[in-house]
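Visitor: Sharing a structure here in structure tokens format.
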Amino acid sequence: MSIYGAVHKALKHFETHLFVCETPKDKVSILESIRTIWHDIEKYSKNIYPAKTAELTHIVHCIPADDLAITKKMYECAIGQFVRLKDTWQHEKEIKSFYSRLFLLLEELLLFNKDWDECCKLC
């Protein structure tokens, strides 16, 4: 599969499995969905952004879903990023930019980086 095929497959997977509805799935489903497509993402991203790929690979494969703090707000932000990612890809077709935006989206879901108010609600 070419790099363009991998990009198309990743976009289709996220659209049909991860961001199907406006409300977030449970953490296990989200992580399993990312794990399912991770091989296709990693195949090319490791040559473009090796350090970021290694960091996200560790999170995707080694951290249990129960240890992730995926909030509704994080999921909603990720949906917005996904829409922008698709739109940008349709107009630019720039690989490095695509993977940069994709990693921002994945970090939105996998790295807890929210404000104090949302953090307190989880605790």
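The values are calculated or read from the model by the stated rules, or taken from the named source; none is laboratory data. This one's a predicted model, so the numbers in the text were calculated from it and none came from an experiment. We place every Cβ from the backbone using ideal geometry, glycine too, and count neighbours over all the protein chains shown. Side chains included, ligands, DNA and RNA excluded: accessible areas come from the protein's heavy atoms. Shrake-Rupley method; radii C 1.70, N 1.55, O 1.52, S 1.80 Å.
Visitor: Size of the stretch 41-80 along its principal axes in angstrom, Cα-based, largest extent first?
Guide: Computed over the stretch 41-80, the largest-to-smallest principal extents equal 32, 25, 13 Å.
Visitor: Right, something else. Among the listed pairs K46/K73; K9/K93; K25/K93; K73/K93; K43/K72, which have their C-alpha atoms separated by more than 25 angstrom in this model?
Guide: In this structure, K46/K73; K25/K93; K73/K93; K43/K72 lie more than 25 Å apart at Cα.
Visitor: What is the chain's relative contact order, in percent, from Cα pairs under 8 angstrom and six or more apart in sequence?
Guide: For the chain, the relative contact order is 27 percent.
Visitor: For helix 3-13, report the angle its Cα long axis makes with the longest principal axis of the Cα atoms of the chain; keep it between 0 and 90° and round to the nearest 10°.
Guide: Helix 3-13 sits at roughly 30 degrees to that axis.
Visitor: Continuing with the same structure: Hey, what's the chain come to in accessible area per residue, 1.4 Å probe, Å²?
Guide: Result: 56 Å² per residue.
Visitor: Relative to the Cα centre, what is the charge dipole magnitude of the chain, using +1 at the beta carbon of each Lys and Arg, -1 at the beta carbon of each Asp and Glu, and rounding to the nearest 20 debye?
Guide: Once rounded to the nearest 20, the dipole reads 360 debye.
Visitor: Using packing as a proxy for protection, rank 65-71, 87-93, 27-33 so that the peptide with the highest average count of other Cβ atoms within 10 Å comes first.
Guide: In decreasing order of mean packing, 65-71, 87-93, 27-33 become 27-33, 65-71, 87-93.
Visitor: Sorting check: for 102-108, 49-55, which peptide has the highest mean count of neighbouring beta carbons within 10 Å, and how do the rest follow?
Guide: Going by the mean number of other Cβ atoms within 10 Å, highest first, we get 102-108, 49-55.
Visitor: Then there is this: Could you tell me the extents of the chain's C-alpha atoms along the three principal axes, largest first, rounded to whole Å?
Guide: Here the spans come out as 44, 28, 22 Å, largest first.
Visitor: Would you mind telling me the share, in percent, of accessible area of the stretch 21-118 contributed by carbon and sulfur at probe 1.4 angstrom?
Guide: Its accessible area is 53 percent carbon and sulfur atoms.
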